[in-house]
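Worksheet for the structure shown next.
Values quoted throughout were computed directly from the atomic coordinates according to the rules given, and no laboratory measurement underlies them. Bear in mind that the values here come from a model prediction, so they are computed numbers and not experimental data. A quick note on method: Cβ atoms are made from the backbone with ideal geometry, for glycine too, and the neighbour counts reach across all protein chains shown.
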Amino acid sequence: MNRAPLIFLGIFLTLAFSWTGIVLVNQIGYGSLKPVYNEDEGTAYPLQTPGLAARGKLVYEDLGCIYCHSQQVRRPGYGSDIERGWGERQSVARDYIRERRVLLGTMRTGPDLRNIAARQTDPTWHYLHFYDPQITSPGSNMPPFKFLFETRKVVGQPSPKAIQSKLPEKYQPKPGYEIVPTERGENLVAYLVSLKDTYAYPETKNVYVEPKPEAGKEEKK
Amino acid sequence: MASVPTLVSSLNPATTSDDVKRAELSEIDASTKWPALFLLASAVGWLLIGTLFALISSFKMHSPDFLGNYEWLTFGRVRTAHLNAVTYGWSVNASFAVAFWLMARLSRSVLRHAGLLIVAAVFWNIGVTVGIFGILAGDSTSIEWLEMPVYATPLLFLAYALVGAWAVITFRFGKSPHIYVSQWYILAALFWFPWLYSVAEIMIIFAPAGGTVQALVNWWFAHNVLGLWFTPIGLAAIYYFLPKVLGKPIHSYYLSVIGFWSLAIFYNWAGVHHLIGGPVPVWVQSAGIAASFMMIIPVIVTAINHHMTMVGSFGALKYSPTLRFIVFGAVSYTLTSLQGSSMAIRSWAEVTHFTHYTVAHAHWGMYAFFTMVMFGSIYYIMPRLLLKEWPSAKLISVHFWATAVGITLYVADLSIGGVIQGLLLNTPVLAHKFGLQQGTDPVPFLDTVKATIPYLKWRSYAGILITIGHVAFAVNFVWMVARSVQTTKTEPTLFRSPPEMEVTAQ
């Protein structure tokens with residue numbers, strides 16, 4: 001008996017099942033979620049990533065930042081994302097609808113970056129951190145990104161972008177030289193200081209929060 | 001162990017051995033020689049390259065300054081190059097070779113259009129080379145398991161289509177009226193992969209879907225590459241070689257059918273467990289968790305089937321390299337799959353998600369299961385392609401012990417480190433749940449990093465051990481290909497001589 005057609009039909013249907021359920025249904029269900037328009041501000045949220053930051057996102061992708069940094073905040077009561085200050089609220093699907101490439105990530109060797117712009121607003125901090133993470137975060141296992149900087153001879157006026165004055169002693173260039181971020185470095189920092197989801201959408205307002213034990217009260221085990 | 005193995009007896013439960021079939025089989029093996037050799041040689045090459053990338057990335061995780069000034073070798077790129085080299089380079093090349101070698105044998109059909117396969121294999125390897133070069137150069141897509149840049153992927157797809165077309169042709173020309181379960185797995189895998197791959201490439205890279213639907217597609221694809229491509233090929237090899245080497249039929253045909261269909265139904269929904277707690281609909285997460293849990297059925301069924309086949313023959317593990325690798329892989333499959341099911345539980349995922357625990361799990365599956373099975377298969381296939389034996393039993397022994405101890409150390413070490421990392425990351429919420437802590441201050445993030453460093457160092461030591469195993473394997477492989485037939489002995493290369501020669505069929 002030739003059962004090959006029957007086996008093949010089964011093989012086809014099993015994958016068709018999950019393809020329909022996971023891919024198709026969700027694409028139809030929320031694949032074309034729209035931004036929310038705020039009439040008071042005259043702005044649609046989520047905001048479009050500004051140009052320089054959009055280019056920085058490409059640098060983020062090509063350096064593989066995603067393999068240590070997630071970009072998704074879990075709900076209060078599930079993990080400590082909120083307590084760590086990684087966001088004011090959980091991430092929702094609408095936060096990502098403007099993104100051509102969604103970089104949720106699955107690893108937290110480093111902290112979540114979805115709202116990094118709300119925590120580290122100062123570009124200088126980011127430049128020092130990229131130059132060598134040990135400067136700002138001793139003990140970190142993030143690699144240095146010195147290749148996003150250029151050490152060059154000062155010609156005429158020193159560059160306003162130069163960072164060596166903020167660097168510790170051991171990183172100082174030879175006199176007459178300055179350390180400036182490359183264009184890629186500037187873009188990457190522009191991306192990071194643009195990353196935050198603070199707008200409260202209707203779906204983020206009514207989230208169940210697990211009650212915390214009251215402070216100071218003895219907890220019975 | 002009274003059964004006398006022959007080349008044919010366990011090939012197909014319905015066949016009886018005779019010399020005609022034996023001759024036919026060696027004709028089939030001979031017809032697969034060149035494409036199989038090309039694929040296996042490429043696989044071994046990629047294994048070494050991938051291992052090198054692995055070591056570099058592992059060192060970087062605890063010594064970030066190591067090669068820190070080279071943009072091409074920054075962690076995010078070299079780690080990705082490692083994944084792609086061992087997945088698409090080593091694993092896919094090896095699985096192509098094993099799959100079509102098994103297919104030709106089980107269909108009892110000489111390999112037609114060997115040229116087609118060689119062309120496909122060349123395309124595939126060019127594609128992988130271009131892709132990995134692209135990743136190192138900075139063209140990675142940053143989509144996990146789909147990092148290869150757009151200029152490499154069509155080449156891979158084309159190569160894949162050729163292999164698939166070839167397999168269907170061989171299957172149709174087959175003379176065997178019976179379809180053995182290994183063939184089910186191989187046919188299914190060959191059909192599933194291009195579907196997964198093309199949908200994922202289109203919906204994420206070429207015409208991106210909206211928002212986090214991309215993430216769903218991503219994990220539907222990435223988990224299914226493991227579940228619907230590598231797992232079926234690995235299981236097909238176990239189902240073939242286990243009875244083959246032991247010279248007795250598989251325990252239960254019925255169980256193998258249940259195992260196949262339950263895997264087919266449940267595995268392909270399981271991938272969503274990578275997004276538990278993420279910004280995707282909760283119902284689809286729940287479906288993924290349920291499916292991950294249901295995977296216990298195929299895993300247990302397959303484990304029983306393999307175990308019952310082994311019962312009474314464990315002594316053969318002392319002699320046959322193929323059997324030893326295959327059994328190590330089969331046991332790992334059971335354990336890592338059960339671990340995978342447990343990781344889908346929400347409260348356990350809360351701890352282990354985003355940590356090194358997941359990395360340990362991935363290596364348990366892709367290495368301790370799949371790669372070990374491929375090693376075992378290669379030890380069986382190569383002598384039949386080249387008509388000469390493995391030059392050194394010692395090197396095989398080094399290979400086995402270095403990789404077996406190495407990966408066990410790797411998985412144990414990183415699992416513990418991962419749980420510690422997860423518990424620290426999730427304080428104070430978890431501390432409250434367990435009543436351990438009153439305060440609300442989280443452990444400083446850098447402390448979670450520092451706590452993992454010793455485990456990351458031990459991972460590097462385990463990696464060095466695994467590397468030693470790979471070098472031993474590669475040396476033996478090259479030596480075998482290079483040496484001339486005249487000087488070789490005719491007995492199979494075993495770990496030691498069995499008391500009665502006929503109990504082994506290496």
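Would you kindly calculate the mean projected area, averaged across all directions, of the convex hull enclosing the Cα atoms of chain B, in square nanometres? Please report the intermediate quantities before stating the final value.
Values: hull surface 95.6 nm².
Value for chain B: 23.9 nm².
Compute the projected area of the convex hull of the Cα atoms of region B:23-82, averaged over all viewing directions, and report it in nm² to one decimal place.
Details: hull surface 20.4 nm².
The Cα convex hull of region B:23-82, projected and averaged over all directions, gives 5.1 nm².
Would you compute, from DSSP H runs of 4+ residues alone, the mean residue ellipticity of the protein assembly as shown at 222 nm, taking -39500 (n - 2.57) per run and dividing by the full residue count, rounded to the nearest 500? Mind dumping the intermediate values first?
On the way: 27 runs with 400 residues, N = 727.
After summing the helix terms and dividing by the residues of the protein assembly as shown, the value is -18000 deg cm²/dmol.
How about A:K161: which aspartates and glutamates have a C-alpha closer than 12 Å to its C-alpha, ignoring those fewer than 8 places off in the same chain?
A:E150, A:E178, A:E183, A:E186
If you plug each phi of region B:167-172 into the Karplus form 6.51 cos²θ - 1.76 cosθ + 1.60 with θ = phi - 60°, what whole-Hz ³J(HN,Hα) values come out, in order, with x for Gly and Pro?
Taking θ as phi minus 60°, the curve returns 5, 5, 4, 4, 4, 6 Hz for region B:167-172.
Computed FRET efficiency, Cβ-Cβ of B:L317 and A:E203, R0 51 Å: what is it to the nearest 0.05?
Given R0 = 51 Å and the Cβ-Cβ separation, E is 0.35.
Dipole of chain B, Cα-centred, from +1 at each Lys and Arg C-beta and -1 at each Asp and Glu C-beta, to the nearest 20 debye?
Numbers: 26 positive and 19 negative charges, 174 e Å.
Dipole size: approximately 840 debye.
Just want to confirm a number: the relative contact order over region B:27-174, from Cα pairs under 8 angstrom separated by 6+ residues, in percent. Working shown, then result.
Working: 190 pairs, mean separation 45.8, N = 148.
Relative contact order for region B:27-174 comes out at 31 percent.
Any idea what the relative contact order of chain A is, in percent, if you count C-alpha pairs under 8 Å spaced at least 6 apart?
Numbers: 272 pairs, mean separation 51.7, N = 221.
Once divided by the residue count of chain A, the mean separation gives 23 percent.
Points 7 angstrom from Cα along the Cβ direction at A:K161 and A:T124: gap in nanometres?
1.7
What do you get when you divide the Cα radius of gyration of region B:251-325 by 2.2 N^0.38 Å, with N the number of residues?
Details: Rg = 17.1 Å, N = 75, 2.2 N^0.38 = 11.3 Å.
Cα Rg divided by the expected 2.2 N^0.38 Å: 1.50.
Looking only at chymotrypsin sites (Phe, Trp or Tyr not before Pro) in DSSP loops with at most 13 other Cβ atoms within 10 Å, what is the longest site-free stretch of chain B? Before the final figure, lay out each step's value.
Numbers: sites that count: B:Y70, B:Y151, B:F434.
In chain B, the maximal stretch lacking such sites is B:152-433.
Taking 25 °C and 0.890 mPa s as the conditions, I'd like the Stokes-Einstein D for the protein assembly as shown in µm²/s, using the Kirkwood hydrodynamic radius from alpha carbon pairs.
Values: Rh = 27.2 Å.
This corresponds to a translational diffusion coefficient of 90 µm²/s.
Would you work out if region B:27-174 is rounded, prolate or oblate? Take a ≥ b ≥ c from the square roots of the eigenvalues of the alpha-carbon gyration tensor; rounded if a/c is under 1.5, else prolate when a/b is larger than b/c, oblate otherwise.
On the way: a/c = 3.37, a/b = 2.28, b/c = 1.48.
Cα axes put region B:27-174 in the prolate bin.
Hey, with R₀ at 60 Å, roughly what FRET efficiency would B:I169 and B:S497 work out to, going by the Cβ-Cβ distance, to 0.05? Mind dumping the intermediate values first?
Values: r = 42 Å, r/R0 = 0.70.
Once rounded, the FRET efficiency stands at 0.90.
Under 5 Å between amide H atoms, partner at least 5 residues away or on a different chain: which partners does A:V36 have, H built in plane at 1.01 Å?
Hits under the 5 Å cutoff: A:Y45.
Considering the alpha-carbon set of chain A alone, what are its Rg and its Dmax in angstrom?
23.4, 87
Need the full-extension length gain, B:S252 to B:S198, defined as separation in residues times 0.36 nm minus the C-alpha distance. One decimal, nm. Each step should come with its number before you reach the end.
Numbers: separation 54, 0.36 × 54 = 19.44 nm, distance 3.59 nm.
Answer, rounded to one decimal: 15.9 nm.
Return a single number: how many Lys pairs in chain B, at a sequence separation of 8 or more or on separate chains, have alpha-carbon atoms below 13 angstrom apart.
Values: B:K21/B:K175; B:K33/B:K388; B:K60/B:K457; B:K388/B:K489.
The number of close lysine pairs in chain B is 4.
Helix B:213-225 against the longest principal axis of chain B: what's the angle in degrees, Cα atoms only, rounded to the nearest 10?
Once rounded, the angle reads 30 degrees.
Report relative contact order for chain B in percent, whole number only (criteria: Cα-Cα under 8 Å, sequence separation at least 6).
17
Which value, in debye to the nearest 20, describes the size of the charge dipole of chain A about its Cα centre when Lys and Arg Cβ atoms bear +1, Asp and Glu Cβ atoms bear -1, and nothing else is charged? Write down the numbers at each step before the final one.
Working: 29 positive and 24 negative charges, 99 e Å.
The dipole of chain A has a size of about 480 debye.
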